[in-house]
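None of the figures in this text is laboratory data; all of them are computed from the coordinates on show. A quick note: this is a predicted structure, and the numbers were derived from the prediction, not measured. All Cβ positions, even for glycine, are placed from backbone atoms using ideal geometry, and neighbour counts span all protein chains on display.
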Amino acid sequence: MAQQFTFWLMVWMALAATALAQPAPPLGPPALPPTLPGGLAVPTLPPAAQQEILQRILDAAAGRPPPAAPAPQPAAPPAPAGEALSHTEAFFAERLGLPLRQFGHDSFRAGQATAQLVGALPENYVIGPEDELVLAFRGRTRATLSLRVLRDGTILAPDLPPMPAAGRTLRELRAEMEGRMARDMPGTELFLSIGQMRQIAVFVGGEVPRPGMQALSALSTVLDALQQAGGVRRTGSLRAIRIEGPRGVRVIDLYAVIAGHLPDAAAPPIDLTLHQGDRVVVPPLGSVVAIAGEVTRPAIYELPAGIASLPLSGVLRLAGETLRPAGNRFLLLGTDAAGRRSFTEIGPRDTVRRGDSILVQPGAD
């Protein structure tokens, strides 16, 4: 390509030297003959290329040095497979030159959220209005009944007085009905099961693609509700999901669920259950840091809710620790008080702030 450009530059210089003797507009290239010596047609060049050639001729005639070639710009890092980089991902990709994804968001996939439940329901399933109960009598009385829990929470069965069912677990209701059968209908056994679960309506809002009311089964969890709403946007937080409802307000850190470990071994199990009328709210994304290089899960990680810094050892735990047990070098790409970027080598006890990037490399090669 460079040889072709040099050849045509020499051709144009020869033609332009002839044409400069003729009057021409002061700011435009001179008129050139339509053919080259020998009858060949003059190749057509874009006006910008013609102007550049003319300017080089004038600079050479005036003794000015040619302009320096522009410095090559680094190529943008390729986006990982799937959707385009988010604004946060593009920020860290430009700083590190490596494409990193925000951890945890790929756990949600588009499509139908709630899978069909297969098998028996757990004994601690809480019965509610609109649940369908199946009662099978065996012994002196043989019958099978399908009863729906009424709006007042009771069930009506032949030869039995109304019985409260809503708010009780499957185990509790079965035990009470078996006791009544033994007292009122001796010689008959009762088998109780759930024929069809009720539906609950849950509102999902905030940083989700499809906010609004979501119809879910009674056994659905917060993860099911978020999946039904299209997942969590990359502008949303995974570490401060708010559940508001009749039972009060609680905040859920989904990192503990996605990463498969609790942030604190002494912490109680995370309650992901939902009830009729609950509201699931996804707040905006919190403070984030990026870690790349020789760690188990290079990614962009959100810091715990309300925290803007974390020791490097905590960030390494989020990334699954380093690949080698020792001999690592940790380079921090941060920002000083004036907004300038700076590289610093740090240790596991040093603090990593929001917006910082960590590169893990071998200490010696």
Quiz item: What FRET efficiency would be calculated for the residue pair residue 324, residue 91, taking the C-beta separation as r and a Förster radius of 25 Å, to the nearest 0.05?
Solution: 0.30
Quiz item: FRET efficiency for residue 172 and residue 256, Cβ-Cβ distance as r, R0 = 35 Å, nearest 0.05?
Solution: 0.70
Self-check item: Under Karplus coefficients 6.51, -1.76 and 1.60, residue-wise ³J(HN,Hα) of region 311-325 in Hz, glycine/proline x
Solution: x, 4, 4, x, 5, 5, 5, 4, 7, x, 6, 6, 6, 10, x
Exercise. With a point put 7 Å past each Cα toward its Cβ, work out how far residue 156 is from residue 106 in nm, to one decimal.
Key: 5.6 nm
Quiz item: So, by mean Cβ neighbours within 10 angstrom, what's the order for 276-289, 170-183, 333-346 with the highest one leading?
Solution: 276-289, 170-183, 333-346
Quiz prompt | region 303-365: relative contact order in percent, alpha carbon pairs under 8 Å with at least 6 residues between | solution = 41 percent
Quiz item: Under the Karplus relation 6.51 cos²θ - 1.76 cosθ + 1.60, θ = phi - 60°, what is the ordered set of whole-Hz ³J(HN,Hα) values for region 334-350, x standing for Gly and Pro?
Solution: x, 9, 7, 5, 8, x, 8, 7, 8, 9, 9, 8, 10, x, x, 8, 6
Exercise. Determine, from the Cβ-Cβ distance of residue 130 and residue 189 and an R0 of 22 Å, the FRET efficiency 1/(1 + (r/R0)^6), rounded to the nearest 0.05.
Key: 0.20
Self-check item: Placed amide H near residue 214: partners under 5 Å, 5+ positions off or other chain
Solution: 202, 203, 204
Exercise. May I have the extent of the alpha carbons of region 208-361 along their three principal axes, as whole Å values ordered from largest to smallest?
Key: 52, 35, 24
Quiz prompt | Extended-chain gain in nm, criterion 0.36 nm per residue less alpha-carbon gap, residue 52 and residue 163 | solution = 30.6 nm
Quiz item: How many nm separate the modelled label positions at residue 343 and residue 141, each set 7 Å beyond the Cα in the direction of the Cβ?
Solution: 8.3 nm
